[in-house]
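For reference, the structure discussed in these notes is given below.
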Amino acid sequence: MPAGSTDRRIDKLIHLLVKNATVVVPGPKIASEIGVTRSTVWEWIKKLRSLGMEIKGHHASGYQLVKIPDVLVPSLLRSELGENEIGQSLVHFFRTDSTNNVALRLAARGAAHGTVVVAEEQTAGRGRLGRTWYSEKSSGIYASIILRPPLSPSAAPVLTLMAGLAVQSALSSTTGLAVDIRWPNDLLVNGKKVCGILTEMHAELDRLHTVVLGIGINVNHLQMPRELKEIATSLRIEAQKTWSRVHLTKALLKELERYYRLLLVQGSAAITRRWEAVSSFASGKRVRVISPAGECLATTAGLEPTGALRVRYEDGREESLVAGEIFEVK
Ligand code: BTN
C-alpha cells in the first residue's frame, strides 16, 4: 500500500457502517470485524466526522451512519464496476500532493493497467503548462488512471482525446448538462471549464510504456476562487444542486473503459470521428490560438487522424496544431 494512502481498515469501517446503515453497530463488533481495538475505532470515527461524515453515537452505544457518505473509498466505488479493468485496483488518499505524482510512482514500481488513484484533497494539484489545479477538499474528483496501452507513442494525443470523450459522456449522462470539449481536452459547461485533463507518460521509441491520465472535475464547489471565477465553474454552480462524487466517479471509470476499448478495437479514427461529433470546437469555431510561436486568430477546421487540430489563420495559412491552447472568440 503506498505511503499515506487510506488504511484498508478505515475503508472496511466505512463499508460496515454503510452495509448496516439502518441499525446501530456496536463498537466491539466493528473492532473485531476490522481487526483493531475499540479505541482505534473511536479515533477513526472522530477522524471521519472531522471530514464531514455524519455518524451518530459513541463508543459506549455503538455507531450509525446518518447518511451514506460521498467519499471515494474503494468499497464504495467498486460496486457496479464488474469486469471493468479500469478501477480493479483503487488507491485512495484523504490528502496527497498530486494523484498524478502518486500514479507515476506506482507505475514505475509496476502497478497494473487500470490502477486508479483518487484523493479527497490535493495539496499540490498540477495542471497543464506548469499551472496548479485548484483541489478543494471533498468538493471535486481528483483521479489519476494508469494505462499500459499496446500502442505507439504517436497514439498519445488520441488517448488524451479519448479521456475527454469519456468525461464528457459521464458528466452529460449523469447531470443532463450540455458539456462541451475544447481541444485538446478541457470540458466546458456554459463556456466555463469544469474539468481538465493532464496526460503524462513514459514511452520507449516504438511503444507507450505507461500513460497516466490525470482528471480533475469541479463537482460540488459552491463557488470558485476569485481568480478563476471568470473561466471556471462547477457542476453544482451550473445545475444549482449537489452531485454524488461516488456516482460520477463510477460513471467516469465505466466510460473510460468503454472508450479505451473502442480505441483499441476500432482505432484512432473512431475516437477522432466521435470527438468531432461531440465538440463544438471541432470545426468552424473562431478561436484565439496560443502556441509556443505566439498568439493568432483562426477558425477551426477538423481533426487530423493523429488528433492534431487543423486551423485556418486569417491570412489564409493553414496549420495542424499538436500543442497549445485555443479560446473561443465571439
Ligand atoms: C489542466 O490544466 O486542465 C489539467 C488539470 C488536471 C488536474 C488533475 S486533478 C488529478 C490529477 N492530479 C494532478 O495533480 N493533476 C490532475
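Counted as qualifying within the stretch 1-98 are the helices (runs of 4 or more DSSP H) with 1 or more residues that are buried (at least 18 other Cβ atoms within 10 Å of the Cβ) and among the hydroxyl-bearing types (Ser, Thr, Tyr), namely 74-77. A single entry from THR199, THR123 fulfils the requirement of being more than 19 Å from LEU252 (Cβ to Cβ) and within 11 Å of the ligand (Cβ to nearest atom): THR123. Filtering the stretch 279-296 for residues that are within 30 Å of LEU81 (Cα to Cα), in contact (Cβ under 8 Å) with a residue 40 or more places away in the chain, surrounded by fewer than 20 Cβ atoms within 10 Å (Cβ to Cβ) and out of contact with any helix residue (DSSP H, G or I) (no Cβ under 8 Å at 6 or more places or on another chain) leaves an empty set. Among the numbered conditions (1) within 15 Å of the ligand (Cβ to nearest atom); (2) out of contact with any helix residue (DSSP H, G or I) (no Cβ under 8 Å at 6 or more places or on another chain); (3) within 29 Å of ALA112 (Cα to Cα), the only one that LEU213 does not meet is (2). Remark: ALA166 matches the filter, which requires a residue to be assigned to a helix (DSSP H, G or I), closer than 21 Å to ASN100 by Cα, touching a helix residue (DSSP H, G or I) at 6+ places or on another chain (Cβ under 7 Å) and within 15 Å of the ligand (Cβ to nearest atom). Can you name the residue in the stretch 134-155 that is within 14 Å of THR199 (Cβ to Cβ) and surrounded by 19 or more Cβ atoms within 10 Å (Cβ to Cβ) and, of all such residues, is farthest from the ligand (Cβ to nearest atom)? It comes out as LEU151.
Of the listed requirements (1) more than 19 Å from GLU120 (Cβ to Cβ); (2) under 16 Å from the mean Cα position of the chain (by Cα), HIS221 misses just one: (1).
Against the list (1) part of a helix (DSSP H, G or I); (2) among the hydrophobic types (A, V, I, L, M, F, W, C); (3) within 20 Å of SER172 (Cβ to Cβ), the condition CYS195 fails is (1).
For the stretch 195-219, the tally of residues that are touching a residue at least 60 places away in the same chain (Cβ under 8 Å) and not hydrophobic (A, V, I, L, M, F, W, C) stands at 8. All of ALA112, ALA163 fail the test of being modelled with pLDDT of 95 or more, surrounded by fewer than 18 Cβ atoms within 10 Å (Cβ to Cβ) and of a type in the set (A, V, I, L, M, F, W, C), apart from ALA112. Taken over the stretch 313-330, the criterion of being within 34 Å of the chain's Cα centre (by Cα) and either assigned to a loop (DSSP other than H, G, I, E, B) or within 14 Å of ALA293 (Cβ to Cβ) (or both) is satisfied by TYR313, GLU319, SER320, LEU321, VAL322, ALA323, GLY324, GLU325, ILE326, VAL329, LYS330. Count of the stretch 204-228 residues, restricted to those that are at pLDDT below 95 and either loosely packed, with under 13 Cβ neighbours inside 10 Å or part of a loop (DSSP other than H, G, I, E, B) (or both), is 4. Scanning the stretch 178-196 for residues that are of a type in the set (Gly, Ala, Ser), under 19 Å from SER135 (Cβ atoms) and either more than 17 Å from the chain's Cα centre (by Cα) or more than 9 Å from the ligand (Cβ to nearest atom) (or both) returns no hits. Which of the residues spanning the stretch 263-278 are touching a residue at least 60 places away in the same chain (Cβ under 8 Å) and either aromatic (Phe, Trp, Tyr) or closer than 20 Å to LEU208 by Cβ (or both)? Selection gives LEU263, LEU264, SER268, ILE271, THR272, TRP275.
The values are calculated or read from the model by the stated rules, or taken from the named source; none is laboratory data. The shown structure was predicted, so the numbers you read here are calculated from the model rather than taken from an experiment. All Cβ positions, even for glycine, are placed from backbone atoms using ideal geometry, and neighbour counts span all protein chains on display.
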